[in-house]
1. Do the conditions hold for residue 101, that is, is it surrounded by 17 or more Cβ atoms within 10 Å (Cβ to Cβ) and more than 15 Å from residue 3 (Cα to Cα)?
2. What is the number of the single condition among (1) hydrophobic (A, V, I, L, M, F, W, C); (2) modelled with pLDDT under 95; (3) surrounded by 12 or more Cβ atoms within 10 Å (Cβ to Cβ); (4) assigned to a helix (DSSP H, G or I) that residue 130 does not meet?
3. Could you tell me which residue of segment 11-27 is modelled with the lowest pLDDT, considering only residues that are assigned to a loop (DSSP other than H, G, I, E, B) and open to solvent by 90 Å² or more (accessible area, probe 1.4 Å)?
4. If you take the residues in segment 59-88 that are under 15 Å from the mean Cα position of the chain (by Cα) and without any contact (Cβ under 8 Å) to a residue 40 or more places away in the chain, which one is surrounded by the most Cβ atoms within 10 Å (Cβ to Cβ)?
5. Which residues, counting only those in segment 29-44, are touching a Phe, Trp or Tyr at 6+ places or on another chain (Cβ under 7 Å) and not small (Gly, Ala, Ser)?
6. Between a first residue in segment 89-111 that is in contact (Cβ under 8 Å) with a residue 12 or more places away in the chain and a second residue that is open to solvent by less than 80 Å² (accessible area, probe 1.4 Å) and not in a helix (DSSP H, G or I), which pairs have beta carbons less than 8 Å apart while being 6 or more apart in sequence or on different chains?
Amino acid sequence: MDINLTENRLDGLEAARELALSARNDLKIIMLTSLQEKEIIIKSFQHGAKNYITKSSYKDIVQAIRDTYAGKPAIHADAAPVLVKEIQLSQLTPAEREIYDLKEAGMNKTQISEMLHKSVNTIKSQLKSIRNKLMK
């Protein structure tokens, strides 16, 4: 299923969700799209997709269909890095995730501390904890 069925509305995600919630338990959806945003990849799997392939990887479609039909848990390389990173980030507490996201957005320790009304030392400590969790 394509993510953009009509005019860049991401309506393929909603269609996938509705199909996954339908009575057909044997339905297996592979998302095929040109989009590579991590939020869309994650949402595709949350909405029931079994795999995610970008159109530039069209040569892998046949194998993805075969694997999905056979029930093999195979995640295409187009989606794997995003999912692995998301699994790693799931180890973080909500407070750590917030700090991680702010740091990834380019904010420094001082800016984060001011925004969250925490001391710079607290932010440093939480960043160290985040690094330790993500390096395991």
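1. Values: surrounded by 17 or more Cβ atoms within 10 Å (Cβ to Cβ): no; more than 15 Å from residue 3 (Cα to Cα): yes.
Taking the combined requirement at face value, the residue does not satisfy it.
2. If we test residue 130 against (1) hydrophobic (A, V, I, L, M, F, W, C); (2) modelled with pLDDT under 95; (3) surrounded by 12 or more Cβ atoms within 10 Å (Cβ to Cβ); (4) assigned to a helix (DSSP H, G or I), just (2) comes out false.
3. Here the residue is 23.
4. 79
5. Of everything in segment 29-44, those that are touching a Phe, Trp or Tyr at 6+ places or on another chain (Cβ under 7 Å) and not small (Gly, Ala, Ser) turn out to be 31, 41.
6. Cβ pairs passing all conditions: 100/92.
The values are calculated or read from the model by the stated rules, or taken from the named source; none is laboratory data. None of the values given here were measured: they were computed from a predicted structure. Reconstructed Cβ throughout: ideal geometry from the backbone, glycine too, with neighbour counts over all protein chains shown. Note: accessible area is taken over every heavy atom of the protein model, side chains too, but ligands, DNA and RNA are not part of it. Shrake-Rupley method; radii C 1.70, N 1.55, O 1.52, S 1.80 Å.
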